[in-house]
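This report concerns only the one structure given below.
The values are calculated or read from the model by the stated rules, or taken from the named source; none is laboratory data. Not measured: the values here are computed from a predicted model. No Cβ is skipped: glycine too gets one built from the backbone with ideal geometry, and neighbour counts run over all protein chains shown. Only protein heavy atoms, including side chains, enter the accessible area calculation; ligands, DNA and RNA are left aside. Shrake-Rupley method; radii C 1.70, N 1.55, O 1.52, S 1.80 Å.
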Amino acid sequence: MAPLVFLTDFGMDDGAVSAMYGVAYGVDPALNISDLTHGITPYDVWEASYRLVQTVNYWPAGTVFVSVVDPGVGSDRRSIVAQTAAGHLIVTPDNGTLTHVRRKSGITGVRIIDETRNRLAGSEQSYTFYGRDVYAYTGARLAAGAITFEAVGPAAEPDSIIELPITEARRQGERVEGTIDVLDVRFGSLWTNISRELFRTLGIQFGQRAELTITNDTRTVYRNTMIYAQSFSGVFVGEPLLYVNSLDCMAVAINQGSFAKAYNIGVGNSWKIAVGPDTRR
């Protein structure tokens with residue numbers, strides 16, 4: 001019996017998530033089901049992809065994830081199960097949800113869900129709730145050991161998985177440049193794709209100031225210096241800081257405040273950040 005973990009954009013205001021639980025427990029009442037989150041911004045496949053990579057590798061090998069952020073539900077997009085290099089299984093629509101996991105963790109196998117065998121009985125004429133009828137059902141059967149990965153359906157090449165466009169972080173002269181990939185939702189911190197290792201090439205040490213520029217397309221939204229701190233306690237309350245987040249990438253925050261709200265910052269490839277030594281000394 002493997003853990004089963006659900007991720008959706010359904011929220012908790014109606015019975016959608018509970019219905020997925022019910023289908024899973026109908027497969028095996030002994031299943032151990034957990035929630036990654038049901039608070040993904042509606043239709044935001046990018047955010048779902050990021051939350052998966054933030055979480056997957058901290059679960060034991062064999063854990064089955066069911067990720068349902070599916071703006072193309074009922075279309076010809078594929079329904080798949082991916083096997084990661086570390087041995088996790090992810091049940092999901094093939095719409096870009098696996099972008100970050102594939103790049104950072106690796107995917108070694110893919111199966112296309114055969115809905116003639118892996119679909120909740122009686123749901124054959126339903127085309128709008130694959131999360132319940134196909135994904136929760138298939139994920140539960142995998143977690144319970146009722147089917148093997150090979151029994152999901154025909155194999156597909158990992159290279160055939162749909163990926164979202166990503167702008168890679170890079171060193172450019174005396175600065176490193178990247179994008180703001182996601183927000184630390186409750187606290188308003190900015191999580192970038194600039195790795196700690198790339199940032200270290202600048203030679204900036206804890207306690208020193210770094211210069212940051214944030215742009216949205218061609219508009220400069222923020223430009224200032226801040227302390228590179230080991231943790232939030234390294235600056236005063238209300239002061240901004242640059243730090244290394246839990247994914248070993250650079251992040252920007254205000255101690256006990258929301259940087260995103262203070263400067264109206266968004267996420268995605270159009271939101272770019274550049275970090276370099278303090279040139280204003």
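Just so you know, in the stretch 139-158 the residues that are outside any helix (DSSP H, G or I) and of a type in the set (G, A, S) include one that is nearest to D114 (Cα to Cα), and it is G153.
Each residue in the stretch 166-193 was checked for being β-branched (V, I, T) and not in a loop (DSSP other than H, G, I, E, B), and 5 of them qualify.
Exactly one residue out of R170, R111, R119 is more than 24 Å from S18 (Cα to Cα), surrounded by fewer than 22 Cβ atoms within 10 Å (Cβ to Cβ) and not small (G, A, S), and it is R170.
For Y228, the conditions (1) in contact with a Ser or Thr (Cβ under 8 Å, 6 or more places away or on another chain); (2) touching a residue at least 24 places away in the same chain (Cβ under 8 Å); (3) of a type outside the set (A, V, I, L, M); (4) crowded, with 18+ Cβ neighbours inside 10 Å are fulfilled apart from (1). Scanning the stretch 215-233 for residues that are part of a loop (DSSP other than H, G, I, E, B) and hydroxyl-bearing (S, T, Y) turns up T218, S231.
Counting the residues of the stretch 152-167 that are exposed (fewer than 14 other Cβ atoms within 10 Å of the Cβ) and more than 16 Å from the chain's Cα centre (by Cα) gives 5. Does S189 satisfy the condition of being open to solvent by less than 30 Å² (accessible area, probe 1.4 Å), under 26 Å from the mean Cα position of the chain (by Cα) and at pLDDT 95 or above? The answer is yes for S189. Here L36 passes the criteria (1) open to solvent by 20 Å² or more (accessible area, probe 1.4 Å); (2) under 24 Å from A146 (Cβ atoms); (3) touching a residue at least 12 places away in the same chain (Cβ under 8 Å); (4) more than 17 Å from the chain's Cα centre (by Cα) except the one numbered (4). Count of the stretch 194-214 residues, restricted to those that are open to solvent by 30 Å² or more (accessible area, probe 1.4 Å) and in a strand (DSSP E or B), is 2. Of all the numbered requirements in (1) farther than 22 Å from I166 by Cα; (2) among the aliphatic types (A, V, I, L, M); (3) in contact with a helix residue (DSSP H, G or I) (Cβ under 9 Å, 6 or more places away or on another chain), V244 misses one, and that requirement is (1).
Consider the stretch 127-138 and keep the residues that are outside any loop (DSSP other than H, G, I, E, B) and among the hydrophobic types (A, V, I, L, M, F, W, C). The one that is nearest to P29 (Cα to Cα) is A136. Could you tell me whether any residue of the stretch 44-55 is closer than 18 Å to T128 by Cα and open to solvent by 20 Å² or more (accessible area, probe 1.4 Å)? The answer is yes, given that some residue of the stretch 44-55 is closer than 18 Å to T128 by Cα and open to solvent by 20 Å² or more (accessible area, probe 1.4 Å).
The single condition among (1) in contact with a Ser or Thr (Cβ under 7 Å, 6 or more places away or on another chain); (2) over 26 Å from D184 (Cα atoms) that G153 does not meet is (1).
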